[in-house]
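The values are calculated or read from the model by the stated rules, or taken from the named source; none is laboratory data. What you see is a predicted model; the values in this text were computed from it and never measured. Here Cβ is always computed from backbone atoms with ideal geometry, including for glycine, and neighbour counts include all displayed protein chains.
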């Protein structure tokens with residue numbers, strides 16, 4: 001991949017727009033389904049969406065999460081920036097988080113398109129069509145789908161890393177620095193991931209006796225990225241000395257408690273089988289690297305090896321299995337061959353065909369074990385991505401939650417599912433979102449579809465002997481109660497029917 005002029009013609013913008021439109025629409029629609037139809041997970045999707053919408057810069061969390069600053073857990077200026085911008089956009093909280101998620105996923109397609117067109121050299125009408133199609137396919141790879149099923153902001157770390165790698169390799173330094181800055185503000189450890197990729201390239205160059213003219217710049221960028229992460233970690237520790245996400249999720253207290261060789265071996269087997277959308281693309285990249293005698297193709301996975309080891313030993317089972325968003329650096333590793341393929345020699349027509357074929361095979365290999373992914377809201381992938389959420393349905397759900405809050409004093413002891421609380425986290429208490437087994441004194445229970453913990457809410461309603469069931473037309477909301485709600489001033493007019501459970 002040689003230094004290339006930065007794109008400036010309108011034609012590339014049209015093609016780029018075609019590449020990013022599908023993932024943006026599909027992933028933003030998935031999040032809207034998550035909030036409005038199936039019921040969002042309060043921790044963490046509701047928490048993050050609330051933080052990204054009209055909060056002070058220090059990101060105080062909703063009272064049910066303890067009310068302290070989110071910076072006690074993650075140093076994420078990104079969320080402060082999103083929250084500030086949200087004040088000037090005419091979007092509600094779920095719509096804003098959906099727009100962000102769609103954009104973060106769409107940037108992965110943008111990175112792939114730029115690499116294929118300006119790095120690999122797919123030009124002309126046919127080449128551009130292939131670049132657009134492969135970029136869209138990559139944006140929906142298994143790792144991306146695993147992350148949207150539990151929406152988090154870490155997908156932007158991966159997308160920004162990929163944009164940075166393309167710009168760095170092509171010599172677009174202003175764009176590279178902008179992408180690097182976007183990556184670093186996402187989370188305190190983002191710089192370590194960037195540095196791992198760059199230093200792996202430097203190590204391979206040293207091992208192979210390759211002297212690149214931009215090696216000093218590469219080392220400087222790696223030092224900048226790692227230095228930022230070190231500074232962010234130090235600042236977080238100084239400001240919140242008794243809070244550590246690394247200890248809570250990874251190290252544990254006492255350190256590595258409960259880890260045995262058999263536990264680790266079991267986790268390895270789970271990853272090999274249940275995370276084949278991660279493992280098989282790595283295997284394809286390894287074969288590709290051997291056949292082309294180009295270790296740079298596999299360099300991204302080498303760079304992710306420390307992250308894999310840290311997660312393998314984690315206290316959190318989600319992290320230990322590289323489930324959900326915890327595998328986000330491997331998204332960049334699956335993209336990396338578009339950059340690394342050109343590092344082993346001069347670009348030729350044969351090498352371009354090999355790169356396109358290898359990248360396509362890697363992406364296709366990622367569409368495996370999708371049914372084993374962490375899916376707390378139990379959203380079917382196809383309907384989640386393609387089922388439209390009409391604006392009228394969104395308004396009805398929002399109005400119903402507002403009515404619940406307006407009539408709250410007449411609902412008695414209330415318990416709601418995550419899907420209800422996630423639409424307005426500051427308005428609910430922890431007790432109202434956590435059904436307590438054995439307590440049969442709830443007066444009203446509200447849930448949404450069959451999402452996360454809706455079953456527990458319905459079980460609590462059954463234990464409480466709630467004999468009336470109400471629904472709100474055009475929504476998946478379900479209300480069980482021991483009182484007549486039709487006379488309530490705000491909620492009553494929205495109820496369509498009452499029946500026995």
Just one of 437, 459, 422 is surrounded by 13 or more Cβ atoms within 10 Å (Cβ to Cβ), out of contact with any helix residue (DSSP H, G or I) (no Cβ under 6 Å at 6 or more places or on another chain) and either over 30 Å from residue 381 (Cα atoms) or in contact (Cβ under 8 Å) with a residue 24 or more places away in the chain (or both); which is it? 459
Among helices (runs of 4 or more DSSP H) lying entirely in segment 264-369, which contain 1 or more residues that are farther than 15 Å from residue 141 by Cα and in the same structural domain as residue 252 (by TED's automatic domain parsing)? 276-292, 299-312, 317-320, 337-340, 349-365
With the structure loaded, tell me whether residue 398 is part of a helix (DSSP H, G or I), under 14 Å from residue 36 (Cα atoms) and outside the structural domain of residue 59 (by TED's automatic domain parsing) or whether it fails that test. yes
Quick check on this structure: which one of 415, 436, 389 is outside any strand (DSSP E or B) and within 24 Å of residue 62 (Cα to Cα)? 436
Which residue pairs have Cβ atoms under 7 Å apart, sit 6 or more places apart or on different chains, and have a first residue in segment 195-210 that is assigned by TED's automatic domain parsing to the domain that holds residue 340 and a second that is outside any helix (DSSP H, G or I) and surrounded by fewer than 22 Cβ atoms within 10 Å (Cβ to Cβ)? 205/212
Does segment 30-45 include one or more residues that are surrounded by fewer than 20 Cβ atoms within 10 Å (Cβ to Cβ), touching a strand residue (DSSP E or B) at 6+ places or on another chain (Cβ under 6 Å) and not assigned by TED's automatic domain parsing to the domain that holds residue 395? no
